[in-house]
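These notes are about the structure you will find just below.
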Amino acid sequence: MSENSEPATSAVSSYSGPLRWKRVMLKLSGEAFAGSEPLGIDPAVVGHLADSIAEAVRKGVQVAVVVGGGNMFRGAALSERGMDRARADYMGMLGTVINCLALQDFLEKRGIETRVQTAITMQQVAEPFLPRRAIRHLEKGRVVIFGAGLGSPFFSTDTCAAQRALEIGAEALLKGTQVDGVYDSDPRKNPDAVRFDHLEYGEVLTRGLGVMDATAISLCMDNGLPIVVFDLMGEGNILRAVHGEKIGTLVSPAGK
């Protein structure tokens, strides 16, 4: 284990007790990887994310990750400027793989075994996506990072996160964002925006709240998969979420 693993262990001792969820899917936005820059990868940000994931893994949580690619390419934005939408989406999928490899590197420098699986075959850098193999990796304490989305255009990485979560039997989907939950309007633009502690899936859809796209929400709703929307950069937030602390916004069926 390298010297870089030190920060990952310092905060672990402050969390104890039973885990609410033992296997989770963590959805990370590509934009977060860029930090304060519009594009690219900020090593400090990815290092912080790796520390947070490592905390959870060392506590026995099985962590799978889906990473967006908005810091590299956004297929929808490129298509609006005249590029074929399917081709633009494939470019975006390749962008997600760059982020996957960066996160893998930072995790392994912290002593966390990691595997990248991709929906588009690229043998030199990743395994193909195989649900049973992914589950086996998780059972062995490895982090599995899924890249290239679902391998098909017109589907977001949010939908990919929901789909993959269901395929590997994850107990919750943790959606890391740049704000501390779901609000009735953008809190960065409206200081009077109200944050929700709990929402039902139907409320998210009928209110048009920007949690995840409608396909992803519908997948979670149809299968009763809870979603926790939380501040990605908050210290120890991933571990707090899996311990059942009330952070951010919980989207779940009524009464749960």
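At a glance:
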| read-out | value |
| --- | --- |
| Where Cα atoms sit under 23 Å apart: lysine pairs in region 23-250 separated by 8 or more or lying on different chains | 12 |
| Cut-off 11 Å, label 7 Å out along Cα→Cβ of Phe154, residues of region 82-105 by amide N | 86 |
| The chain, accessible area per residue, ligands and nucleic acids excluded (1.4 Å, Å²) | 46 Å² |
| Debye, to nearest 20: dipole size of the chain, +1 on Lys, Arg Cβ, -1 on Asp, Glu Cβ | 700 debye |
| Contact order normalised by residue count of region 23-250, Cα under 8 Å, 6+ apart, percent | 22 percent |
| Protein accessible area in region 23-250, 1.4 Å probe - carbon and sulfur % | 49 percent |
| Highest-MSF residue in the chain out of Met72, Met221, Met122 [GNM, Cα springs under 10 Å] | Met122 |
| Region 51-97-region 138-193 distance, computed between alpha-carbon centres (Å) | 10 Å |
| Thr206 accessible area, 1.4 Å probe, all protein chains in place, Å² to nearest 10 | 120 Å² |
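The values are calculated or read from the model by the stated rules, or taken from the named source; none is laboratory data. Remember, it's a predicted structure, so these values are computed and weren't measured experimentally. Cβ atoms come from the backbone with ideal geometry, glycine included; neighbour counts cover every protein chain shown. These accessible areas exclude ligands, DNA and RNA; they are computed on the full protein's heavy atoms, side chains included. Shrake-Rupley method; radii C 1.70, N 1.55, O 1.52, S 1.80 Å.
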